[in-house]
1. Out of the stretch 115-155, which residues are among the β-branched types (Val, Ile, Thr) and open to solvent by less than 20 Å² (accessible area, probe 1.4 Å)?
2. Is it true that some residue in the stretch 105-114 is open to solvent by less than 70 Å² (accessible area, probe 1.4 Å), out of contact with any strand residue (DSSP E or B) (no Cβ under 7 Å at 6 or more places or on another chain) and within 22 Å of Ile26 (Cα to Cα)?
3. Could you please find all residues in the stretch 110-144 being touching a Gly at 6+ places or on another chain (Cβ under 7 Å) and part of a helix (DSSP H, G or I)?
4. Mind listing whichever residues of the stretch 1-60 are part of a loop (DSSP other than H, G, I, E, B), open to solvent by less than 100 Å² (accessible area, probe 1.4 Å) and at pLDDT below 90?
5. Out of the residues in the stretch 276-320 that are hydrophobic (A, V, I, L, M, F, W, C) and at pLDDT below 95, state the one that is nearest to Met171 (Cα to Cα).
6. Somewhere in the stretch 156-179, is a residue of a type in the set (A, V, I, L, M, F, W, C), assigned to a loop (DSSP other than H, G, I, E, B) and either modelled with pLDDT of 90 or more or surrounded by 22 or more Cβ atoms within 10 Å (Cβ to Cβ) (or both)?
7. Would you please name the residue that is farthest from Val183 (Cα to Cα), looking only at residues in the stretch 220-253 that are touching a strand residue (DSSP E or B) at 6+ places or on another chain (Cβ under 7 Å) and open to solvent by 70 Å² or more (accessible area, probe 1.4 Å)?
Amino acid sequence: MADGFWDNAEAAQRQMKKIKDLQKWIADYTELEGAVDEVKLALDFLKEELVTEEELDAAYARASKLLEELELRNMLRNEGDIMSAVLKINSGAGGTESQDWASMLMRMYLRWAEAHGYKLSVANLLEGDEAGIKSCTLNIEGDFAYGFLKSENGVHRLVRVSPYNAQGKRMTSFASVFVTPLVDDTIEIKVEPALLSWDTFRSGGAGGQNVNKVESGVRLRYQFTDPYTGEKEEILIENTETRDQPKNKENALRQLRSILYAKELEHRMAEQAKVEAGKKKIEWGSQIRSYVFDDRRVKDHRTNYQTSDVGGVMDGDIDDFIKAYLMEFSEKDEE
């Protein structure tokens with residue numbers, strides 16, 4: 001280390017993070033290179049009947065998997081892609097049916113995150129009147145969580161025969177998904193204390209008597225003025241993640257910084273869209289995907305990728321949708 005490297009702790013942390021990222025690239029490339037060499041060696045050994053075709057196929061499959069994973073991560077080069085993610089789901093109009101749909105999406109993303117080894121926490125959850133949820137906020141922590149999940153931004157549409165409809169009619173429900181990078185201490189985001197205000201409230205839901213008696217839930221209000229347009233809005237964040245009010249305040253501030261960071265990224269995306277006018281672009285909040293249960297079809301309207309494995313998708317198997325999105329849009333986003 002150079003003399004004085006740790007004099008500025010924040011700058012040193014950012015530099016160490018860069019070094020760690022580069023080391024990961026080198027390690028993964030070295031592993032892939034070794035796997036390719038194993039395939040070459042297995043092919044030579046097959047000719048001499050020292051290995052079986054099944055062993056060669058296994059070596060090839062391993063190398064292909066490593067190559068695909070490296071290519072996929074190579075598409076995640078935009079600012080913020082490597083970060084953890086905050087994922088918020090809101091049910092649309094439609095009462096119980098839409099609230100049930102929102103809870104199904106929540107389960108889908110929880111299953112996806114669990115399958116990929118991400119750390120999960122529920123920052124806020126507002127249960128539905130009869131079933132499902134009205135909204136939830138999930139923290140999904142781990143490298144590239146935002147890079148993968150940014151493909152999920154938008155409105156998700158469900159078509160099914162509703163179990164909540166006595167006539168057994170086919171119904172359409174909507175829920176919106178909003179994903180932002182979960183910023184950490186290495187990201188500089190300016191929050192004006194004078195624009196902040198706090199309320200406390202009693203947390204609802206499971207958790208014993210303490211949840212209902214102690215005002216551990218916090219509600220943050222931030223009076224934000226868009227530096228580019230001058231438009232004003234109030235950002236509202238609720239956090240009931242723990243029974244510790246100071247900890248919930250800390251978590252709410254972290255979410256605020258994530259939202260402010262995402263607004264800056266959104267502005268950059270909008271500026272890029274102006275330059276590339278006429279190209280197909282992703283608009284946050286647009287309807288992106290339809291889940292038609294009766295027809296056994298899930299289709300992404302941006303990439304036209306679809307699958308008949310509705311059950312698998314609802315169990316969190318959405319990697320092919322994510323890959324299709326990145327394949328089509330990541331290079332355009334970098335230009």
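1. Initially, the stretch 115-155 is screened for residues among the β-branched types (Val, Ile, Thr), giving 122, 133, 137, 140, 155.
Correct list: Ile133, Thr137, Ile140.
2. At the first step, the residues of the stretch 105-114 found to be open to solvent by less than 70 Å² (accessible area, probe 1.4 Å) are 105-106, 108-110, 112-113.
Next, only the ones that are out of contact with any strand residue (DSSP E or B) (no Cβ under 7 Å at 6 or more places or on another chain) stay: 108, 112.
Among the residues that remain, those that are also within 22 Å of Ile26 (Cα to Cα) are: none.
There is no residue in the stretch 105-114 that is open to solvent by less than 70 Å² (accessible area, probe 1.4 Å), out of contact with any strand residue (DSSP E or B) (no Cβ under 7 Å at 6 or more places or on another chain) and within 22 Å of Ile26 (Cα to Cα).
3. Arg111, Trp112, Ala115
4. Residues of the stretch 1-60 that are part of a loop (DSSP other than H, G, I, E, B), as a first pass: 1-8, 48-52.
With open to solvent by less than 100 Å² (accessible area, probe 1.4 Å) added as a condition, the list becomes 2, 4-5, 8, 51-52.
Ala2, Gly4, Phe5, Asn8, Val51 - these are the residues of the stretch 1-60 that are part of a loop (DSSP other than H, G, I, E, B), open to solvent by less than 100 Å² (accessible area, probe 1.4 Å) and at pLDDT below 90.
5. Of all residues in the stretch 276-320, those hydrophobic (A, V, I, L, M, F, W, C) come to 277, 282, 284, 288, 292-293, 298, 310, 313-314, 318.
Cutting the leftovers down to at pLDDT below 95 gives us 277, 282, 284, 288, 293.
Details: Ala277: 36, Ile282: 27, Trp284: 25, Ile288: 18, Phe293: 11 Å.
Residue satisfying both the conditions and the ranking: Phe293.
6. Taking the stretch 156-179 and keeping what is of a type in the set (A, V, I, L, M, F, W, C), we get 158-159, 161, 166, 171, 174-175, 177-179.
With assigned to a loop (DSSP other than H, G, I, E, B) added as a condition, the list becomes 166.
The next check asks that each one be either modelled with pLDDT of 90 or more or surrounded by 22 or more Cβ atoms within 10 Å (Cβ to Cβ) (or both); those that pass are none.
Checking the stretch 156-179: not a single residue is of a type in the set (A, V, I, L, M, F, W, C), assigned to a loop (DSSP other than H, G, I, E, B) and either modelled with pLDDT of 90 or more or surrounded by 22 or more Cβ atoms within 10 Å (Cβ to Cβ) (or both).
7. Among those that are touching a strand residue (DSSP E or B) at 6+ places or on another chain (Cβ under 7 Å) and open to solvent by 70 Å² or more (accessible area, probe 1.4 Å), it is Lys232.
Residue-by-condition table, conditions (1) of a type outside the set (Val, Ile, Thr); (2) under 23 Å from the mean Cα position of the chain (by Cα):
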position: Ala145; (1), (2): yes, yes
position: Ser162; (1), (2): yes, no
position: Ala194; (1), (2): yes, no
position: Thr200; (1), (2): no, no
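The values are calculated or read from the model by the stated rules, or taken from the named source; none is laboratory data. As the structure is a prediction and not an experimental result, all values here were calculated from the model. All Cβ positions, glycine included, derive from the backbone under ideal geometry; neighbour counts span all protein chains shown. What goes into the accessible areas is simple: the full protein's heavy atoms, side chains included, and nothing from ligands, DNA or RNA. Shrake-Rupley method; radii C 1.70, N 1.55, O 1.52, S 1.80 Å.
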